[in-house]
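Some notes on the structure that comes next.
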Amino acid sequence: NISGKDAAAVSLPDDVFGVTPNVAVMHQVVTAQLAHRRAGTQKTKGRSEVSGGGTKPFSQKGTGNARQGSTRAPHFSGGAVTLGPTPRKYSQRTPKKMVQLALRSALSDRFREGKVIVVESWSFDAASTKKAAAALKALGATGKVLVVVARDEEVAEKSLRNLDSVQIVRNSELNAYDVLCNDVIVFSQASLPGANKGDTK
């Protein structure tokens, strides 16, 4: 419970917390997730877009220099950029089963390290950051903590969201990246994957 005392035994599903972590799949899914976050708005001007350079910089013959048609060519200062970036999407297509395997691999890895905590319930009468910090301390959750809450645990979400080292995520939004970025994963019985059909599938 939130006092850090043993309340009951919980059986974790083997298909979620007992799989062999697939490092390659986790890497590919996390890479795709980070790529999806990129805005892709970088842009440089090509030769047809840069302003100026409408006339020849000097005569075609007689100067001894190489012939030039515009000062906005890529090799001139202030000229265009050759093969520069243009707006694009960096999103990668990731199969649904691969995303599921990556999440299960990440959860299994944290479970093997003893970094998974299950609390009976967040029994807060009202939103209180002080009580939430005391509860995490009693549970032994130190470092970067990921707290997974269910949809109806709004009081717990409000209590925990102001703590600097705590990240809150709904059980329907749980992903491999957030699991791997945090040291300890804290579930309630209501938000535990496998407790409700469809959490991880």
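The values are calculated or read from the model by the stated rules, or taken from the named source; none is laboratory data. Everything quoted here is computed from the prediction, not taken from an experiment. FYI the Cβ positions are ideal-geometry reconstructions off the backbone, even for glycines, and counts take in every protein chain you see. Just the protein is used for accessible areas: all its heavy atoms, side chains included, with ligands, DNA and RNA removed. Shrake-Rupley method; radii C 1.70, N 1.55, O 1.52, S 1.80 Å.
Structural remarks
- Anisotropy class of region 1-78 from Cα gyration tensor, a/c 1.5 cut: prolate
- Gaussian network model of the chain, springs between alpha carbon atoms under 10 Å - residue of 124, 58, 17 with greatest fluctuation: 58
- Here the Gaussian network model covers the chain, with springs between Cα atoms less than 10 Å apart; of 50, 25, 99, 50 fluctuates the most.
- Atom-type composition of the exposed protein surface of the chain places 49 percent of the accessible area on carbon and sulfur (1.4 angstrom probe).
- Subtracting the Cα-Cα distance of residue 7 and residue 59 from their residue separation scaled by 0.36 nm leaves 9.7 nm.
- Averaging the sequence gap over all C-alpha pairs within less than 8 Å and six or more residues apart, then dividing by the number of residues, gives the chain a relative contact order of 26 percent.
- Local electrostatic count at residue 138 - Lys and Arg +1, Asp and Glu -1, tallied over other residues with Cβ under 11 Å: +3
- Per residue, the chain exposes 62 Å² of accessible surface when a 1.4 Å probe is rolled over the protein heavy atoms with every protein chain present.
- Residue (of 3, 81, 66) at the positive-pole extreme of region 1-82, dipole from beta-carbon charges: 66
- Rounded, prolate or oblate (a/c below 1.5 giving rounded, otherwise prolate when a/b exceeds b/c) for the chain by Cα gyration tensor: prolate
- Integer Hz, Karplus 6.51/-1.76/1.60 couplings in order for region 131-142, x for Gly and Pro: 5, 5, 5, 5, 5, 5, 5, 5, 7, x, 8, 10
- Subset of 45/89; 89/115; 97/130; 5/130; 115/158; 5/158 violating a 28 Å alpha-carbon distance limit: 89/115; 97/130
- The sum of -39500 (n - 2.57) across all DSSP H runs of n ≥ 4, divided by the residue count of the chain, sets its helix-only mean residue ellipticity at 222 nm to -9000 deg cm²/dmol.
- Each other residue within a Cβ distance under 12 Å of residue 92 adds +1 if Lys or Arg and -1 if Asp or Glu, for a net charge of +4.
- For the chain, a Gaussian network of Cα nodes joined below 10 Å ranks 123, 77, 165 by mean-square fluctuation, and the top entry is 77.
- Tilt relative to the chain, helix 23-37 - C-alpha long axis, 0 to 90 degrees, to 10: 60
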